[in-house]
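Report on the structure given below.
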Amino acid sequence: MTYTLGIDIGTFESKGVLVDGSGRIVATATRPHRMLVPRPGWAEHRAEEDWWGDFVHITRALLAESKVDPKDIACVAASAIGPCMLPVDAAGAPLMNGVLYGVDTRAAAEIDSLTATIGADRIMAACGNALTSQSVGPKILWLKNNHPDLYARTAKVLTSTSFITWKLTGEYVIDHYTAANFSPLYDVNALAWTDALAPDILPMEKLPRLMWSTDIAGHVTAAAAAETGLAEGTPVTCGTIDAAAEAVSVGVQRPGEMMMMYGSTIFIIQVTSDPVRDPRLWYAPWLWPGMHASMAGLATSGTLTHWFRDQFARDTSFGDLAAEAEASPKGAKGLICLPYFSGERTPIHDPQAKGAFFGLDLTHTRGDMFRAVLEGIASGTAHVLDTYRELGAFPDRILAVGGGTKNAVWMQATSDIGGAGQIVCEKTVGASYGNAFLAATAVGKALPDQIVEWNPVARTVRPEAVAAYARQYPLFKRLYAQTRDIAHELGGA
């Protein structure tokens, strides 16, 4: 029997699975960590402790639980939150904490400067994306502008997955899907790094080598084997961002299929036959040549539910909070929550947007407020789905995955407000399971379409109460538009 190993490093927790040749999970392991917020608008991880430390811990836990001989592991694949910005020195040592994906908004000034200098149309034509807080290029420029000493010592700029792959194999690589988020340094038409738009951000040789996600990046080194317990010489894939691996885990593979990931943030990926390029969304080549992906993501989702519990229900479980929300009527008795507690990503791309509860009165309960939080996130998601509708790219199927799929109120509100059904598969482990499958395809142990055998459909959530939100959802969108200037003033913009 041969096995594949998949590990994913998330925003607050890392997960790993060991899977046999039929897709059966033989061992699982998790490890929590913190997201560091040293300043408002910043979001960081410690690369050695949170990314590599979790990988080592989980790998050893999987091997100990399963008793599998490491030599029977045919391939290893990792994913991680992203896109991130991590400068490393000539020895590969991190020079600072890893700067996280779009929830980190520190490079707002660089985004504005680059957009003004290059031109929004030129950026969209070459990169397929507008510059937003999701873009890595402005964050590298932020490093250059604010920490010239660290910038001068930078030998490579990596993302989270690149760092793990380097620790395993000694190779600096990145997949095309992730690289497309390094705008304006990646040309989506040529599938190559470019300095044509912004020659002064970073020399091109300081970026990792480009590969496809299931290409073999290298093999486990003796040093990595000693740390992880893996067998020296085990193949390691290039890897990808967690959301892409999560999409794979539930069978998103054909044009018109969309993944909706209920995690620390809502993240959406739709596979398309042709590029969908719009400044409100994100674009990237998909994990295999000739395929495309259209993405969207909120800035706070599961993170906002954690904030609410920590501030207002510290001794209450999420299950009890969900029960309180379920007891509240749909629409939370007229209460609207703007979920922009870390600004917002798609479709408004406003790092200065602010969270708010609107409509509070003395009859509202904690359950009403928590329902409003869930409906606020669902409304933000519906705003994204409306964008796909406007572009004529609404999905044929939506496959939901992630911890939030266990919250019936959240799931149902998303279907009701968004007017879309959602499919939930049997296994909701997420990205780590997708990685195990990608590892199997990389070494010929599985074909891409076999994921539907590995992870069959379990249930479907259908819209049931669209009319209940017919008045409130348009008010949600108007509330942001009408308070935008106030929010910016509060944020000092």
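The values are calculated or read from the model by the stated rules, or taken from the named source; none is laboratory data. Remember, it's a predicted structure, so these values are computed and weren't measured experimentally. Please note: Cβ atoms are built from the backbone with ideal geometry, for glycine as well, and neighbour counts cover all protein chains shown. Please note that ligands, DNA and RNA were not included when accessible areas were found on the heavy atoms of the full protein model with its side chains. Shrake-Rupley method; radii C 1.70, N 1.55, O 1.52, S 1.80 Å.
The table that follows gives values for the structure above.
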read-out: Glu344 long-range amide H proximity, modeled H, under 5 Å; value: Asp350, Gln352, Ala353
read-out: Largest-first principal axis extents of the Cα set of the stretch 1-114 (Å); value: 55, 29, 23
read-out: Inter-part distance where the stretch 279-334 and the stretch 111-187 are each reduced to a Cα centre, Å; value: 26 Å
read-out: At R0 = 60 Å, FRET efficiency that the Cβ-Cβ distance of Trp307 and Ala190 yields, to 0.05; value: 0.90
read-out: Over the stretch 108-191: Kirkwood hydrodynamic radius from C-alpha pairwise inverse distances, Å; value: 13.7 Å
read-out: Ranking by accessible area, most exposed first, for Ser317, Ser294, Ser22 with a 1.4 Å probe; value: Ser22, Ser317, Ser294
read-out: Nearest-10 value in Å² for the accessible area of Lys333, using the 1.4 Å probe; value: 90 Å²
read-out: The stretch 109-217: relative contact order as a whole-number percent, Cα under 8 Å and 6+ apart; value: 31 percent
read-out: Pairs beyond 31 Å (Cα-Cα), from Lys67/Lys139; Lys406/Lys477; Lys15/Lys139; Lys144/Lys477; Lys139/Lys406; value: Lys67/Lys139; Lys144/Lys477; Lys139/Lys406
read-out: Label-to-label distance, nm, for residues given as Leu391 and Asp320 (7 Å Cα→Cβ offset); value: 4.3 nm
read-out: Computed lengthening from Val466 to Asp89, 0.36 nm per intervening residue step minus Cα-Cα distance; value: 130.3 nm
read-out: For the chain: span of alpha carbons on each principal axis (Å, largest first); value: 64, 52, 44
read-out: The stretch 31-150, accessible surface, carbon-and-sulfur percent (1.4 angstrom probe); value: 53 percent
read-out: Estimated FRET transfer efficiency when R0 is 56 angstrom, pair Arg39-Glu205 (beta carbons, to 0.05); value: 0.95
read-out: Accessible-area value, His364, 1.4 Å probe, nucleic acids and ligands omitted, Å²; value: 30 Å²
read-out: Whole-number percent relative contact order across the chain, with pairs defined as alpha carbons under 8 Å at least 6 apart; value: 16 percent
read-out: Alpha carbon convex hull of the stretch 235-316, volume per residue in cubic angstrom; value: 130 Å³
read-out: Residues of the stretch 59-80 with amide N under 20 Å of the 7 Å Cα→Cβ point at Thr2; value: 63, 67-78
read-out: Tail weight of P(r) past 25 Å, computed on alpha-carbon pairs of the stretch 319-426, percent; value: 23 percent
read-out: Three-way shape label, the stretch 401-493, alpha-carbon gyration tensor, a/c 1.5; value: oblate
read-out: Ellipticity estimate at 222 nm from DSSP helix runs (n ≥ 4, -39,500 (n - 2.57)) divided over the chain, nearest 500; value: -10500 deg cm²/dmol
read-out: Solvent-accessible heavy-atom area per residue, rounded to whole Å², over the stretch 183-329 at 1.4 Å; value: 34 Å²
read-out: Cα convex hull of the stretch 278-331, projected area averaged across orientations, nm²; value: 6.6 nm²
read-out: For Ala217, residues with placed amide H under 5 Å, excluding near neighbours; value: Val236, Thr237, Cys238
